[in-house]
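Visitor: Before I ask anything, here is the structure I am working with.
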Amino acid sequence: MTSPRLVRRTTALAGIIALAIASAPPALAAASDASSPPVIAAYSLAAPRSEVPSGLVARAVVPGGTHCPALRVALSADRPDHVMQMTVRPTPARTAPAFDAITVCTAPLPVGATAASISGVVVPAAMPTSVDRLALLGDSGCRITSWQVQDCASAEAWPLALIAQSVADERPDAVIFNGDFFYREAACPAASQAMCGSSPPPIAGLPFTDSAYGWIADALLPMAPMLAAAPLIVTRGNHEACYRGGNGFFLLFDPRKGTPDTCAPVSTATGLVAADTLPTPTYAIDVAVRDGRTLRLAIVDSAGGNDNSVTSFAAIQRPAYVRAADLAQARSGRETWLVTHRPLYGFVTTAFAQAGQPFNPWGSMDQAAAADGLLGDYDLVFSSHMHIAQSVQLPGLPGQLILGNAGTLLDPPTGYPLPTAGPQISATPGYPAPTWGWVGVRFGYAMASPQTDRGSWRITMKDPDGETFARCGLAQRTIYCRDRA
Ligand SMILES: [Fe+2]
Ligand SMILES: [Fe+2]
């Protein structure tokens, strides 16, 4: 006999899907084909052009067990719409029943698309031909662990939905989301029901913490306006490690073919265990910028590794940066940002010091060690991971921008003196001492716009309501930020 508690929970979770479907823009939802499945979420992901000539794939999330809808594409005003059948993106092996509530569908956008929709829901149709407004953000989920709970019921305490709407209102040409989508890693504690009582818990007995309902609550539903606004360029954060939200990430947000099983649990004599979290291959996304410039984004998977000290993982990670350096080789008209979740040189608050241990102000030591000596051709390193906004300059190296403030619980507000030495990675010469740093501990996102000179950008930091709180300039590989006067 089904317990009343299980019935209540199942009803509540099914309500999340109903809410997600009802949240589709009314004008678009009304246009849905009656024979098409209702769409829970739809969006477009930037993909390597070696796989997808247009550089963009469409995704649709529909209720589990329903068929994939068609992708309707306009190619020009004088030609009839092109209708393509979307195909199922396979659910990662050995994850049932975590993702049984959804079917994820995918289709490449054809070259030359001018508009696209799925069951009447509009999705971005093409990569931009000239970027003027690039949205930047990362670290967005509502944190629920056994030791810390965020108020997921409050738009002020967990402002992802506000941020996503503000990003959409900016009318960006593209959005870079730099990892750490998923934070619902535990059932909401009994004492915190007012803050997270409706949160979908991890599925008992599986060696990871995400699920279809978890992703709907933590990302697909609150991000909906942003997903409709522009192509999404994504990286994988450590919250998408295989023992956390990796299976959902590779099912929903990794743009590449053949990756859904990357985090599929491994069968052992004692049962299922989480797959190892290893770097997936580095790839590049090129976006066209004004005046014939091209911005190359070298996407490095830094989901794994240790933050506090250099470990043997640095050698496992290093090939990802070797490949990125190849992709970043200087070419006329092209500038390059390294886009990777964990910062290579970002400094943390002294509030993180642990009694009896020497304080290391630098985060992501494995990444710093893995990338050492391979950063010569970048104009910027863009990361998130630290739940703050920060920019750091080390002499002779590209500026480091950090934006990990898109909704998940912020790091402590004070205690950020500029470190007196660079990251100590036990290599020669290693990293020099920083010459400059800026920190803003508040929620938000940033908008980047190219300026006249090659490699120069204006980057504006904004709060969840879209109000500017700091302004930055990037020129000649150097970043400088200041609080809004
Ligand atoms: Fe994070
Ligand atoms: Fe992170």
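Visitor: So what is the calculated 222 nm ellipticity per residue for the chain, using -39500 (n - 2.57) for each DSSP H run with n of 4 or more, over all residues, to the nearest 500 deg cm²/dmol?
Guide: Roughly -4500 deg cm²/dmol at 222 nm, from the helical runs in the chain.
Visitor: Let me check I've understood the local charge: for residue 484, count other residues with C-beta under 9 angstrom from its C-beta, Lys and Arg +1, Asp and Glu -1. What total comes out?
Guide: Every neighbour counted, the sum reads 0.
Visitor: On full extension of the chain, what length is gained from residue 331 through residue 111, given 0.36 nm per residue of separation minus the C-alpha to C-alpha distance?
Guide: Contour length minus the Cα-Cα distance gives 76.7 nm.
Visitor: If you don't mind, there's one more thing I want to ask. Once phi is turned into ³J(HN,Hα) by the Karplus curve 6.51 cos²θ - 1.76 cosθ + 1.60 with θ = phi - 60°, what whole-Hz value does each residue of the range 258-269 show in order, with x for glycine and proline?
Guide: Running phi through 6.51 cos²θ - 1.76 cosθ + 1.60 with θ = phi - 60° gives x, 9, x, 8, 3, 10, 4, x, 9, 7, 10, 4 Hz.
Visitor: Here is a further query. Running Debye on the range 81-201 with equal point scatterers at the Cα sites and no solvent, what base-10 log of I(q)/I(0) appears at q = 0.15, 0.22 Å⁻¹?
Guide: -0.99, -1.25
Visitor: Which residues in the range 283-319 place their backbone N less than 17 Å from a point set 7 Å from the Cα of residue 452 along the Cα-to-Cβ direction?
Guide: It comes to 290-293, nothing else.
Visitor: List the extent of the Cα atoms of the chain along each of their three principal axes, largest first, rounded to whole Å.
Guide: Computed over the Cα atoms, the extents are 63, 60, 48 Å.
Visitor: What list of ³J(HN,Hα) values in whole Hz, one per residue of the range 124-132 in order, does the Karplus curve 6.51 cos²θ - 1.76 cosθ + 1.60 (θ = phi - 60°) give from phi, with Gly and Pro shown as x?
Guide: Each residue's phi maps through the Karplus curve to give x, 9, 7, 5, x, 8, 7, 6, 10 Hz.
Visitor: Quick check on the range 127-483: of the DSSP beta bridges with both residues there, what percent are antiparallel, nearest 5%?
Guide: 65
Visitor: What order do you get for 156, 170 when you list them from fewest to most C-beta neighbours inside 10 Å?
Guide: 156, 170
Visitor: Still on this structure, please answer the following. Grab the other residues whose beta carbon is less than 14 angstrom from that of residue 455, score K and R as +1, D and E as -1, and report the net.
Guide: Combined, the nearby Lys, Arg, Asp and Glu give +3.
Laboratory data are not the source of any read-out in this text; all were calculated from the coordinates shown. Predicted, not measured: the structure shown is a model, and the values here were computed from it. Ideal geometry is used to build each Cβ from the backbone, glycine not excepted, and the neighbour counts take in all protein chains shown.
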